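I have placed the structure first, in the form of structure tokens, so that the comments after it can refer back to it.
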Amino acid sequence: MKQKNLKSIHVLIACGGTGGHLFPGIAVGEVLASRGHDVTLLISEKKIDTLAASGHPELRFEKMPFLAMPKPWSPKMIGFLKGLWKGTKACRKIIRDHEVDVVLGMGGFTSFAPLYAGRKEGCTTLIHESNAIPGKANKLNARYSDIVLCGLEACKQHFQKHDDVRVVGTPIRSSMRKQNGDDPRAFFKLDKDKRTLLVMGGSQGARGVNRAVGQALEQFEKMGIQVLHIAGPTDYEEVRDVYAKIPLLKQHVAAFCHRMDLAYRVADLAIARSGASSMSELAYFGVPSLLVPYPYAAEDHQTRNAEIFDKAGAAKMMRESDLNADTLADAVRSVFNDSRKAGEMKKAAQKLAVKNSAEKIADLLVKAVA
């Protein structure tokens with residue numbers, strides 16, 4: 001580790017590839033930059049990374065051609081190893097050029113090269129794992145990290161061999177946390193008197209959720225509720241066409257949502273996958289939820305995530321294989337028809353929230369260098 005006592009430090013945050021790594025990384029970067037520290041965020045060449053970066057001119061972004069790790073005996077492994085070597089070399093150059101003090105990896109194989117480079121260059125290194133069960137990448141990344149940060153208490157047991165493991169929550173972007181006078185119902189053109197179901201079908205692999213919701217729309221209409229459905233670009237047209245067949249159902253269907261803060265504030269109940277970032281946001285806003293784990297997630301970590309919220313009473317976990325019009329409608333009805341149950345779920349979700357996670361991590365990064 002570098003032993004420096006500086007008022008200002010330079011932090012390199014590796015957070016590219018998925019929204020679950022990118023947005024928490026940006027959240028930490030925002031806090032550091034607001035305190036006068038230098039921040040460089042390493043992102044991938046994916047479109048989602050470029051779009052997110054364009055909204056944060058106050059932060060410095062560097063693109064890296066990160067590759068997903070193939071299976072050990074795949075012919076793609078040679079290309080992956082060459083890319084990893086080039087990525088490590090490029091990261092070492094960035095660390096030297098910007099005099100980086102700390103490297104923070106937000107997870108996945110995109111964090112390996114920056115962490116390895118940081119260790120070689122004498123930087124303090126940290127990895128963050130937002131899920132209840134760490135993936136293979138972060139188990140490897142932990143070997144090159146001075147401190148392991150966990151989003152959930154349940155994750156800590158998986159790093160027992162590491163000397164320094166802290167539970168800090170998963171950071172949420174400042175734009176999500178800002179209070180403003182915008183009326184969420186007016187923003188989405190929703191009825192002021194109807195209860196609102198938020199469907200978060202825009203994540204990767206959410207087609208099963210989108211289609212199950214589509215099958216239950218007639219029952220939702222009979223309940224007298226309204227639906228805010230974020231369908232994702234891939235499924236948007238299909239989802240829009242299904243809603244068009246139920247014209248009496250008050251609805252707002254979109255491919256993207258650039259104001260998720262308003263979406264959470266208008267929601268009385270949410271249907272979502274159980275990715276760690278989404279769950280952190282649901283907890284922050286105290287939204288009761290029906291969580292449908294993505295069945296093909298690595299290490300089945302989404303199921304473990306959902307089980308934690310289910311056990312705490314903040315959500316009901318539903319297997320995708322069990323989803324149909326009736327089971328989904330019954331689950332929605334059980335919350336909307338029982339105000340006491342909805343209130344208890346809201347309080348339970350709020351108890352799971354770590355509202356100052358980004359600040360906690362920023363504090364640790366500075367203290368680790370001092």
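The values are calculated or read from the model by the stated rules, or taken from the named source; none is laboratory data. All figures in this text were calculated on a predicted structure; none of them were measured in a lab. Every residue, glycine as well, gets a Cβ built from its backbone with ideal geometry; the counts of neighbours run over all protein chains shown. These accessible areas exclude ligands, DNA and RNA; they are computed on the full protein's heavy atoms, side chains included. Shrake-Rupley method; radii C 1.70, N 1.55, O 1.52, S 1.80 Å.
Just the residues that are in contact with a strand residue (DSSP E or B) (Cβ under 7 Å, 6 or more places away or on another chain) and under 25 Å from Ser321 (Cβ atoms), please, taken from the stretch 226-245. Answer for the stretch 226-245, where residues must be in contact with a strand residue (DSSP E or B) (Cβ under 7 Å, 6 or more places away or on another chain) and under 25 Å from Ser321 (Cβ atoms): Val227, His229, Ile230, Ala231, Val239, Tyr243. Across the stretch 213-241, the number of residues qualifying as open to solvent by less than 50 Å² (accessible area, probe 1.4 Å) and either more than 25 Å from Asp183 (Cβ to Cβ) or assigned to a helix (DSSP H, G or I) (or both) comes to 10. Of the residues making up the stretch 67-88, those that are of a type in the set (Gly, Ala, Ser) and within 22 Å of Thr18 (Cα to Cα) are Ala68, Gly79, Gly83, Gly87. Regarding Val292, is this residue β-branched (Val, Ile, Thr) and free of Cβ contacts under 8 Å to residues at least 40 places away in the same chain? Taking the combined requirement at face value, the residue does not satisfy it. Restricting the stretch 242-260 to residues that are in contact (Cβ under 8 Å) with a residue 40 or more places away in the chain and not in a loop (DSSP other than H, G, I, E, B), the residue that is nearest to Arg207 (Cα to Cα) is His252. Within the stretch 305-330, the residues that satisfy the criterion of being touching a Ser or Thr at 6+ places or on another chain (Cβ under 6 Å) and assigned to a helix (DSSP H, G or I) are Asn305, Ala306. Looking across the stretch 140-175, the residues that are surrounded by fewer than 20 Cβ atoms within 10 Å (Cβ to Cβ), assigned to a helix (DSSP H, G or I) and within 19 Å of the chain's Cα centre (by Cα) come down to Glu153, Ala154, Lys156, Ser174, Ser175. The requirement of being among the polar types (S, T, N, Q), over 30 Å from Ser8 (Cα atoms), part of a helix (DSSP H, G or I) and open to solvent by less than 70 Å² (accessible area, probe 1.4 Å) is fulfilled nowhere in the stretch 349-364; no residue meets it. If the condition is being open to solvent by 10 Å² or more (accessible area, probe 1.4 Å) and not in a loop (DSSP other than H, G, I, E, B), then the stretch 277-302 contributes Ser277, Ser278, Ser280, Glu281, Tyr284, Phe285, Ala298, Glu299, Asp300, His301, Gln302.
Filtering the stretch 176-212 to residues that are open to solvent by 20 Å² or more (accessible area, probe 1.4 Å), touching a Leu at 6+ places or on another chain (Cβ under 7 Å) and within 26 Å of Lys355 (Cα to Cα) leaves Asp182, Pro184, Phe187. Within the stretch 194-210, does at least one residue satisfy the condition of being in a strand (DSSP E or B), of a type in the set (Val, Ile, Thr) and touching a residue at least 60 places away in the same chain (Cβ under 8 Å)? Yes, the stretch 194-210 contains at least one residue that is in a strand (DSSP E or B), of a type in the set (Val, Ile, Thr) and touching a residue at least 60 places away in the same chain (Cβ under 8 Å).
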